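Beneath this line is the structure, given in structure tokens, with notes to follow.
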Amino acid sequence: MGTWGTRNFENDGSQDWVFEMMDNKDGGMVADTLQFTLNKDGVLDISECEDALAAAEVVAALAGKASEDFPEDPLDNLDSLQLLATPALRKLAANVVEKIRTASEMKDVRTEEGQLDSWDGVLADLIKRLGH
């Protein structure tokens, strides 16, 4: 896991996901990733969490509430996706973040590394920025 902090873009996976989405100009990746994560049975693995948190951060950014660590180039070009942060999409994103927050391999790793409180605060902030 290429991780250097507890924020949602302080890892290679989330950054790769958002740049892939922008390179492909595929706003559909956002809802697809969130829906896949919400529907998946069992414990979410690290890479699934990274992708889903990146997608949730995109929704927050589309709602005008980007995180301070959102990659600059994609942030400047989000309107090219022609995707709206509808209330339904914001709710889906918030539900996914809550799922990751309560039962995921990422939560287990953060607990083992003594970073649970910091990481949980980041996720609580994301849910707040999503409006839920």
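The values are calculated or read from the model by the stated rules, or taken from the named source; none is laboratory data. Keep in mind that what you see is a predicted model, and the values were worked out from it rather than measured. As a convention, Cβ positions derive from the backbone with ideal geometry for all residues, glycine included, and neighbour counts pool all protein chains shown.
If the requirement is being at pLDDT 95 or above and touching a strand residue (DSSP E or B) at 6+ places or on another chain (Cβ under 8 Å), which of these qualifies: Lys107, Lys99, Lys65, Lys128?
Step by step, each of Lys107, Lys99, Lys65, Lys128 is checked, and only Lys99 is at pLDDT 95 or above and touching a strand residue (DSSP E or B) at 6+ places or on another chain (Cβ under 8 Å).
Residues in the stretch 1-48 that are among the charged types (D, E, K, R) and under 11 Å from the mean Cα position of the chain (by Cα): Arg7, Glu48. Taking the condition of being over 18 Å from Phe9 (Cα atoms) and part of a helix (DSSP H, G or I), how many residues in the stretch 85-132 meet it? Residues flagged as over 18 Å from Phe9 (Cα atoms) and part of a helix (DSSP H, G or I) within the stretch 85-132 amount to 12. Just a yes or no: is a residue in the stretch 78-92 at pLDDT below 95 and in contact with a Lys or Arg (Cβ under 7 Å, 6 or more places away or on another chain)? Checked the stretch 78-92: at least one residue is at pLDDT below 95 and in contact with a Lys or Arg (Cβ under 7 Å, 6 or more places away or on another chain). Applying the condition of being in contact with a Phe, Trp or Tyr (Cβ under 8 Å, 6 or more places away or on another chain) and among the hydroxyl-bearing types (Ser, Thr, Tyr) to the stretch 33-88 and asking which residue is farthest from Ser104 (Cα to Cα) yields Ser67. On inspection, Leu116 passes the criterion of being surrounded by fewer than 20 Cβ atoms within 10 Å (Cβ to Cβ), within 19 Å of Thr6 (Cβ to Cβ), in contact with a Lys or Arg (Cβ under 6 Å, 6 or more places away or on another chain) and modelled with pLDDT of 95 or more. The condition (being farther than 15 Å from Leu126 by Cβ and touching a Ser or Thr at 6+ places or on another chain (Cβ under 7 Å)) is satisfied by just one residue among Lys40, Lys25: Lys25.
For Phe9, the conditions (1) surrounded by 19 or more Cβ atoms within 10 Å (Cβ to Cβ); (2) assigned to a helix (DSSP H, G or I); (3) in contact with an Asp or Glu (Cβ under 9 Å, 6 or more places away or on another chain) all hold with the exception of (2).
Any residue at all in the stretch 38-50 that's closer than 15 Å to Arg90 by Cβ and at pLDDT 90 or above? Checking the stretch 38-50: at least one residue is closer than 15 Å to Arg90 by Cβ and at pLDDT 90 or above. Restricting attention to the stretch 28-70, the residues that are under 18 Å from Arg101 (Cβ atoms), charged (D, E, K, R) and part of a helix (DSSP H, G or I) add up to 4. Go through the residues of the stretch 41-63 one by one and say whether even a single one is closer than 18 Å to Leu130 by Cβ and surrounded by fewer than 18 Cβ atoms within 10 Å (Cβ to Cβ). For the stretch 41-63, residues closer than 18 Å to Leu130 by Cβ and surrounded by fewer than 18 Cβ atoms within 10 Å (Cβ to Cβ): absent.
Screening Asp73 with (1) part of a loop (DSSP other than H, G, I, E, B); (2) touching a helix residue (DSSP H, G or I) at 6+ places or on another chain (Cβ under 9 Å); (3) loosely packed, with under 13 Cβ neighbours inside 10 Å gives one miss only, at (1).
Taking the criterion of being part of a helix (DSSP H, G or I) and either in contact with an Asp or Glu (Cβ under 9 Å, 6 or more places away or on another chain) or β-branched (Val, Ile, Thr) (or both), the residues of the stretch 16-27 that qualify are Asp16, Trp17, Val18, Phe19, Glu20, Met22.
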